[in-house]
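Written out below as structure tokens is the structure these notes cover.
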């Protein structure tokens with residue numbers, strides 16, 4: 001019995017030793033291989049991607065091309081039908097701040113302003129406009145404000161007596177009874193212009209009773225018997241003594257509006273109330 005146990009134990013030990021020997025042999029047969037990367041392979045690494053560098057553009061030194069300037073075509077010189085003065089007579093301006101224009105009409109531009117009594121040279125006429133020269137400038141001025149001839153020194157103004165004012169008011173009242181105050185002023189204005197002009201007598205009485213001038217004074221006795229209205233007296237006093245005047249100094253004539261604006265060689269100026277006024 002003891003022999004059998006020993007034999008079993010011996011077999012068991014032999015198996016254990018055999019297993020141990022096999023495990024050592026397996027371990028000994030396993031090799032650890034070291035892989036060494038050659039230098040050439042290390043150098044063959046993927047290079048880093050280079051970022052594309054944007055080089056700044058150099059500032060242009062070339063001068064910009066200049067845009068050619070168009071040369072404007074010259075404006076054609078306008079022409080108007082004109083009748084020239086053969087001897088280029090002198091003339092003068094009859095109102096203050098009269099416009100000289102580049103053409104014969106109020107739609108044309110103003111190139112100068114002429115004062116009253118400015119002496120001008122008359123070059124031509126075109127309709128209701130004169131073509132004149134003044135201090136080296138040529139242009140057009142309305143006929144209304146120009147008088148052909150030499151400028152004469154006006155007679156000095158005078159202070160009028162109450163009797164003269166009353167007589168002037170009688171003429172105004174009889175000529176324009178029932179009219180407006182401006183109409184009274186305009187008729188007094190004509191009388192004052194005549195007194196100041198060398199073409200007419202220099203007193204109120206002599207102007208009113210001059211033959212063929214004021215029809216209301218044809219009958220002297222009848223005229224002197226008439227009493228003027230207060231507005232006529234006020235207009236006569238104001239205008240004759242230097243007050244407001246609706247007309248310029250060149251206006252010397254008037255007549256009833258019903259007779260029209262054509263009156264021989266006289267130039268129509270304007271209509272005030274029931275009367276047309278002329279130079």
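The values are calculated or read from the model by the stated rules, or taken from the named source; none is laboratory data. In this text, all values refer to a predicted model and were calculated from it rather than measured experimentally. Cβ atoms come from the backbone with ideal geometry, glycine included; neighbour counts cover every protein chain shown.
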Could you figure out which of (1) closer than 20 Å to residue 250 by Cα; (2) in contact (Cβ under 8 Å) with a residue 40 or more places away in the chain; (3) assigned to a helix (DSSP H, G or I) isn't true of residue 202? (3)
Taking the criterion of being in contact with a strand residue (DSSP E or B) (Cβ under 9 Å, 6 or more places away or on another chain), surrounded by 19 or more Cβ atoms within 10 Å (Cβ to Cβ) and without any contact (Cβ under 8 Å) to a residue 60 or more places away in the chain, would at least one residue in region 149-170 satisfy it? no
Take residue 94 and decide whether it is closer than 30 Å to residue 143 by Cα, modelled with pLDDT of 55 or more and touching a helix residue (DSSP H, G or I) at 6+ places or on another chain (Cβ under 7 Å). yes
Among (1) over 47 Å from the mean Cα position of the chain (by Cα); (2) surrounded by fewer than 15 Cβ atoms within 10 Å (Cβ to Cβ), there is one condition residue 209 misses while meeting the rest; what is its number? (2)
